[in-house]
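Q: Shown below is the structure under consideration.
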Amino acid sequence: MTSRLVLDTNAYSELFRGNELVLDAISEAERTYLPVTVLGELFAGFRSGSKEQQNRTQLKQFLRDHFQRSEKTKPSHSNE
């Protein structure tokens, strides 16, 4: 059985506060999802905070480390 985990905004925030439950859940999940609505909430929060660039960099690294593009979402490099 594949274990799947969908992160909400609070879980993402708790992850970077070192919440062991969130860290364990992510490490045990075979697939982790971050809905686009959560990305929107995160970016809105980043803009209103004092560490926007640091938070964006942290999110970018998290996405690189935990998510892969599927073949369906990779951009086409054709010369159309």
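Q: Express in nm, to one decimal, how much length is gained between PHE43 and LEU5 on full extension, taking 0.36 nm for each residue of separation and deducting their alpha carbon distance.
A: Value of the extension gain: 11.6 nm.
Q: Which loop-located trypsin sites (Lys or Arg not before Pro) does segment 1-55 contain, where loop means any DSSP state but H, G, I, E or B and the Cβ has at most 12 other Cβ atoms within 10 Å?
A: Of the trypsin sites (Lys or Arg not before Pro), the ones in loops of segment 1-55 whose Cβ has at most 12 other Cβ atoms within 10 Å are ARG17, LYS51.
Q: Check which residues have an amide H placed less than 5 Å from THR32's amide H, if you skip close sequence neighbours.
A: The answer is LEU5.
Q: Can you give me the solvent accessible area of TYR12 with a 1.4 Å probe, rounded to the nearest 10 Å²?
A: Here the accessible area works out near 10 Å².
Q: Moving on to the next point. Take the solvent-accessible surface of the protein heavy atoms, probe 1.4 Å, and return the percent of it on segment 1-59 that carbon and sulfur atoms account for. Don't jump to the answer; show the numbers that get you there.
A: Working: 2100 of 4220 Å².
Carbon and sulfur: 50 percent of the exposed surface of segment 1-59.
Q: Now a separate question. Quick check: from the Cα gyration tensor, does segment 1-49 come out rounded (a/c under 1.5), prolate or oblate?
A: It is oblate, given that a/c is not under 1.5 and a/b is not larger than b/c.
The values are calculated or read from the model by the stated rules, or taken from the named source; none is laboratory data. Here the structure is a predicted model, which means the values were calculated and not measured. A quick note on method: Cβ atoms are made from the backbone with ideal geometry, for glycine too, and the neighbour counts reach across all protein chains shown. Surface accessibility is based on the protein's heavy atoms, side chains included, excluding ligands, DNA and RNA. Shrake-Rupley method; radii C 1.70, N 1.55, O 1.52, S 1.80 Å.
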